[in-house]
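I have placed the structure first, in the form of structure tokens, so that the comments after it can refer back to it.
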Protein chains: 2
Amino acid sequence: MTPDFAWLRRGVVEVFPQSADVNSESLERLLLTTNQPLRVKLGIDPTGTDIHLGHSIPVRKLRSFQDAGHTAVLIIGDFTARIGDPTGKSEVRRQLTEADVVQNAQTYLDQVRPILDFDTPGRLEVRYNSEWLSGLNLEKILELLSTMTVGQMLAKEGFADRYRKENPIFIHEFLYPLMQGFDSVAVEADVELGGTDQKFNIAVGRDLQRHFGQKPQFGMLLPILIGTDGVQKMSKSLGNYIGLSEHPGQKYQKLQGVPDNLLEQYFELLTDLPLDQMPENPRDRQTLLAWEVVKQYHGETAAQEAKEAAQSGGKEGAVPEFSLAGVQQFPTKLAYILNVSGLCKSTGEGKRKIQEGGVRLDGDRITDADTTFDSPSELQGKVLQVGKNKFVRLVP
Amino acid sequence: MTPDFAWLRRGVVEVFPQSADVNSESLERLLLTTNQPLRVKLGIDPTGTDIHLGHSIPVRKLRSFQDAGHTAVLIIGDFTARIGDPTGKSEVRRQLTEADVVQNAQTYLDQVRPILDFDTPGRLEVRYNSEWLSGLNLEKILELLSTMTVGQMLAKEGFADRYRKENPIFIHEFLYPLMQGFDSVAVEADVELGGTDQKFNIAVGRDLQRHFGQKPQFGMLLPILIGTDGVQKMSKSLGNYIGLSEHPGQKYQKLQGVPDNLLEQYFELLTDLPLDQMPENPRDRQTLLAWEVVKQYHGETAAQEAKEAAQSGGKEGAVPEFSLAGVQQFPTKLAYILNVSGLCKSTGEGKRKIQEGGVRLDGDRITDADTTFDSPSELQGKVLQVGKNKFVRLVP
């Protein structure tokens with residue numbers, strides 16, 4: 001009996017190395033022959049706080065590996081995040097502080113919790129790459145650097161453009177692919193997942209594993225998701241994104257507006273439904289897509305509420321409202337509003353939630369427990385959120 | 001009274017920064033106004049065992065600073081030597097072992113001992129750059145690397161040629177100028193001496209000192225000496241060199257053969273004689289040059305002997321001979337020959353000297369105490385040497 005590898009192939013752009021010869025090394029062959037769980041690596045840079053459906057794609061694939069009995073090795077690039085990956089960027093990214101990175105990492109884990117299996121023993125390892133990178137000394141770093149030439153590095157897509165345009169490339173940026181590659185050595189990865197822009201970095205990992213006497217990992221490349229505008233890749237800064245921390249009602253609304261030409265790809269990449277169950281009619285496709293994705297992140301009840309709200313035509317209907325008239329005087333502290341709006345049981349709990357990083361105003365995290373607003377106009381129309389599931393829209 | 005800076009200017013190609021404005025920052029102004037000894041850095045890479053007169057030029061300038069009351073900071077690049085300076089090289093240099101480097105460093109110090117003031121307190125600091133480089137962690141290294149761009153690095157002479165010719169440049173080579181620059185930070189150098197090929201590296205040191213809040217050093221560039229062929233730069237591999245460890249007779253002979261067009265530069269760079277005392281007649285110049293240089297390294301008696309030997313026409317007259325007929329049987333150990341030739345007092349002392357690295361055969365250091373020769377023909381005509389001053393020529 002040949003196992004069904006549909007889960008493995010679904011939505012994948014490329015697996016490498018992939019020989020034409022069926023008897024030679026391949027990932028499917030390895031999956032058939034291995035007698036222990038494979039170590040499947042996904043590295044993430046905690047450089048931002050908001051994760052969107054585009055980011056979820058390799059995480060969902062990671063879950064599929066977990067469900068097939070393998071070990072997801074999720075690497076939080078707390079060390080590398082402080083440099084910034086120049087891939088595809090035309091400018092150098094600002095360096096983050098350690099505090100930024102710690103907080104971003106926690107937010108990331110909160111947001112991927114609905115996707116991954118955090119509970120079954122042996123199915124998830126969360127590792128921080130400062131564990132092995134912060135202790136590297138100059139001798140070891142020279143060894144890493146000596147495995148690659150400047151020409152190879154400058155041939156990399158992001159660098160090639162910048163070098164041609166004479167935009168500065170700082171030398172420390174060359175370390176990024178090598179550090180990511182060394183992560184594969186450190187965790188002894190069998191497979192690394194990533195977007196199609198990660199091919200170079202994953203290949204560097206293969207080279208370094210070979211250099212250090214390990215069997216090189218397979219690379220599995222997944223698509224970069226096109227955003228809700230149907231044109232550019234999904235990105236917070238382009239405003240064409242659907243964030244994992246968004247309210248179910250907002251998610252539902254946005255998914256219902258996904259352009260027809262993207263529906264099939266969204267179905268393939270963001271749901272587990274067999275593609276032959278995809279409705280013919282584009283409107284039905286949108287509705288089913290919205291339902292499936294919201295259910296995934298928030299459960300069936302929330303999906304049902306979001307669906308009903310959308311059907312009733314209320315654009316923001318699924319978010320309960322709180323009238324700022326209930327606030328007796330301004331200036332007032334946010335912690336007090338958290339209390340009177342019913343999101344927290346007391347002003348003290350409100351302060352604590354803010355300090356724990358669990359409070360957002362229109363998606364932006366608030367961390368100062370003494371945050372104060374001078375007038376209702378600063379708050380009107382915004383969504384105040386505590387944790388993943390408690391929201392109110394502030395109205396006059 | 002304006003001090004005489006003739007010693008400072010002699011044989012110097014460039015001092016930088018050097019403003020046209022006499023009131024602005026200049027090295028001479030610093031020398032006039034400082035109330036404490038300047039720290040004058042010379043870094044050397046213990047990558048080879050033989051030092052020649054070309055290498056002696058910045059060391060002699062360092063001595064001039066010592067004589068003016070300043071502190072020579074001689075940096076043995078024991079760490080950097082293990083990478084190889086790509087400057088002006090068209091290929092990557094092999095990496096040396098730690099043992100190579102330790103031995104080369106000792107040899108270097110032995111050879112520069114006649115030039116520098118090792119005795120006056122406060123005039124010499126010998127530092128090994130592993131002291132500060134081996135402990136650098138990735139975070140600090142990223143800081144160093146982030147101070148320069150790939151474009152700046154590839155503009156450097158040695159790299160530019162190699163990149164244009166598509167010869168591989170390994171990324172770890174980019175660290176060399178930064179490590180040399182960080183040496184200046186570590187020792188808080190006020191001045192760095194070097195050949196004209198060191199301008200880039202010394203300038204990197206200035207940038208790094210500024211980055212770390214120090215006053216940037218001055219750079220003083222000295223000529224690259226042309227070899228005894230009168231054409232190419234002095235180099236052991238080109239055979240146009242005069243080694244500091246060569247026998248006084250050999251030195252004298254070679255200096256007497258220096259081409260006329262180089263005599264003035266050799267005088268300026270290799271002796272302390274006022275240039276107006278340089279004889280008119282080229283033959284007299286050669287003789288005086290040979291005398292002065294041999295006297296510097298071996299003392300007046302050795303210079304006198306070398307001169308007489310040269311006058312008597314014996315091309316190798318100054319080296320005593322030992323007949324291999326005195327060796328009773330072959331194969332024989334080198335340690336035994338050291339004994340019977342009178343260079344050592346016993347075969348045991350011979351072995352010890354070999355192990356200490358003090359024995360050379362035709363300039364090549366022998367380090368295996370069990371070195372054995374099968375027949376006299378392997379030794380005939382060669383010069384066997386123990387330490388700096390004991391030589392015999394092995395004859396049939």
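Within segment A:280-307, work out how many residues are touching a residue at least 40 places away in the same chain (Cβ under 8 Å) and under 24 Å from the mean Cα position of the chain (by Cα). Spell out how you get there, then give the answer.
Taking segment A:280-307 and keeping what is touching a residue at least 40 places away in the same chain (Cβ under 8 Å), we get A:293-294, A:296-298, A:302-303, A:305-307.
If we keep only those that are under 24 Å from the mean Cα position of the chain (by Cα) as well, we get A:293-294, A:296-298, A:302-303, A:306.
So the count comes out to 8.
Within the set of pairs 6+ apart or on separate chains, which have a first residue in segment A:157-174 that is over 19 Å from B:Leu175 (Cα atoms), a second that is aromatic (Phe, Trp, Tyr) and assigned to a helix (DSSP H, G or I), and C-beta atoms under 8 Å apart?
Hits for this filter: A:Glu157/A:Phe200.
Name the one entry in B:Arg210, B:Arg206 that is buried (at least 20 other Cβ atoms within 10 Å of the Cβ) and either outside the structural domain of B:Leu289 (by TED's automatic domain parsing) or closer than 26 Å to B:Leu8 by Cβ (or both).
B:Arg206 is the lone residue from the list that is buried (at least 20 other Cβ atoms within 10 Å of the Cβ) and either outside the structural domain of B:Leu289 (by TED's automatic domain parsing) or closer than 26 Å to B:Leu8 by Cβ (or both).
Anything in segment B:296-314 that is among the small types (Gly, Ala, Ser) and assigned to a helix (DSSP H, G or I)? List them, or say none.
Matches in segment B:296-314: B:Ala302, B:Ala303, B:Ala306, B:Ala309, B:Ala310.
Among the residues of segment B:201-234, what is the count of those that are in contact (Cβ under 8 Å) with a residue 60 or more places away in the chain and part of a strand (DSSP E or B)?
Of the residues in that region, 6 qualify.
Report the residue count in segment B:92-141 for those that are over 24 Å from A:Leu144 (Cα atoms), in contact (Cβ under 8 Å) with a residue 24 or more places away in the chain and of a type in the set (Lys, Arg).
Number satisfying all stated conditions: 2.
Look at segment A:149-190 and say how many of its residues are among the acidic types (Asp, Glu), under 23 Å from the mean Cα position of the chain (by Cα) and away from chain B (no Cβ under 12 Å). Write out each step before concluding.
First, the residues of segment A:149-190 that are among the acidic types (Asp, Glu): A:157, A:161, A:166, A:173, A:183, A:188, A:190.
Now narrow it down to the ones that are under 23 Å from the mean Cα position of the chain (by Cα): A:157, A:173, A:183, A:188, A:190.
If we keep only those that are away from chain B (no Cβ under 12 Å) too, we end up with A:157, A:183, A:188, A:190.
Here the count works out to 4.
I'd like to verify a number: residues in segment A:124-175 that are of a type in the set (S, T, N, Q) and in contact with a Pro (Cβ under 8 Å, 6 or more places away or on another chain), how many?
Of the residues in segment A:124-175, 1 are of a type in the set (S, T, N, Q) and in contact with a Pro (Cβ under 8 Å, 6 or more places away or on another chain).
Identify the single condition in (1) of a type in the set (Ser, Thr, Tyr); (2) facing another protein chain (nearest Cβ under 7 Å); (3) within 20 Å of A:Asp45 (Cα to Cα) that A:Ser146 does not satisfy, given that it satisfies every other one.
Failing condition for A:Ser146: (3).
Can you tell me which condition A:Ser237 does not meet? The list is (1) out of contact with any Leu (no Cβ under 9 Å at 6 or more places or on another chain); (2) within 14 Å of chain B (Cβ to nearest Cβ), and all the others hold.
It fails just one condition, (2).
State all residues of segment A:314-370 that are of a type in the set (Phe, Trp, Tyr) and at pLDDT below 85; if no residue qualifies, say none.
If the condition is that a residue be of a type in the set (Phe, Trp, Tyr) and at pLDDT below 85, then A:Phe322 is the only one that fits.
Take B:Val13 and decide whether it is touching a helix residue (DSSP H, G or I) at 6+ places or on another chain (Cβ under 6 Å), in the same structural domain as B:Val185 (by TED's automatic domain parsing) and surrounded by 14 or more Cβ atoms within 10 Å (Cβ to Cβ).
So B:Val13 does not fit the description; no.
Could you identify the single residue in A:Gly239, A:Gly249, A:Gly243, A:Gly195 that is surrounded by fewer than 17 Cβ atoms within 10 Å (Cβ to Cβ) and of a type in the set (Gly, Ala, Ser)?
It is A:Gly239.
Could you please find all residues in segment B:238-295 being among the acidic types (Asp, Glu) and either over 25 Å from B:Arg9 (Cβ atoms) or in a helix (DSSP H, G or I) (or both)?
Step one: filter segment B:238-295 for residues among the acidic types (Asp, Glu), giving B:246, B:260, B:264, B:268, B:272, B:276, B:280, B:284, B:292.
Result: B:Glu246, B:Asp260, B:Glu264, B:Glu268, B:Asp276, B:Asp284, B:Glu292.
Would it be correct to say that A:Gln198 is away from every other protein chain (no Cβ under 14 Å) and either over 25 Å from A:His52 (Cβ atoms) or not in a helix (DSSP H, G or I) (or both)?
Here the answer is no, as A:Gln198 does not meet what is asked.
The values are calculated or read from the model by the stated rules, or taken from the named source; none is laboratory data. Because the structure is a prediction, the values reported are computed rather than measured. For neighbour counting, all protein chains shown are included, and Cβ atoms are generated from backbone atoms with ideal geometry for every residue, glycine included.
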